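Asks: Next up is a structure, given as structure tokens.
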């Protein structure tokens with residue numbers, strides 16, 4: 001299962017992992033930012049683990065590896081790069097399939 005930016009059932013912009021967030025609700029257009037908040041990523045960990053056949057700990061580790069800190073140490077919030085997480089999870093799946 002791939003992560004996608006999508007609209008929530010309420011019609012509001014979603015953060016891409018199915019979690020409505022303040023930042024996505026305040027944008028007037030579609031989000032072009034490839035990053036989401038850590039809270040948005042954490043919200044989806046159980047679903048991603050279940051869909052990909054991984055443990056929640058494995059998914060959290062990948063998320064942590066692809067989380068960037070604040071800009072210049074104090075601007076903005078830490079962010080998770082959705083594309084990098086998807087690619088890393090795809091690699092884990094390919095390795096798992098190769099072992100069979």
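Asks: Would you mind finding the one in 73, 16, 11 that is at pLDDT below 95, buried (at least 17 other Cβ atoms within 10 Å of the Cβ) and on the phi > 0 side of the Ramachandran plot?
Replies: Being at pLDDT below 95, buried (at least 17 other Cβ atoms within 10 Å of the Cβ) and on the phi > 0 side of the Ramachandran plot holds for just one of 73, 16, 11, which is 16.
Asks: Still on this structure: Could you list all residues from the range 46-88 that are more than 16 Å from residue 35 (Cα to Cα) and in contact (Cβ under 8 Å) with a residue 12 or more places away in the chain?
Replies: Selection gives 47, 48, 51, 52, 53, 54, 58, 59.
The values are calculated or read from the model by the stated rules, or taken from the named source; none is laboratory data. Keep in mind it's a predicted model, so treat the numbers as computed, not measured. Neighbour counts run over all protein chains shown; Cβ positions are idealised from the backbone, glycine included.
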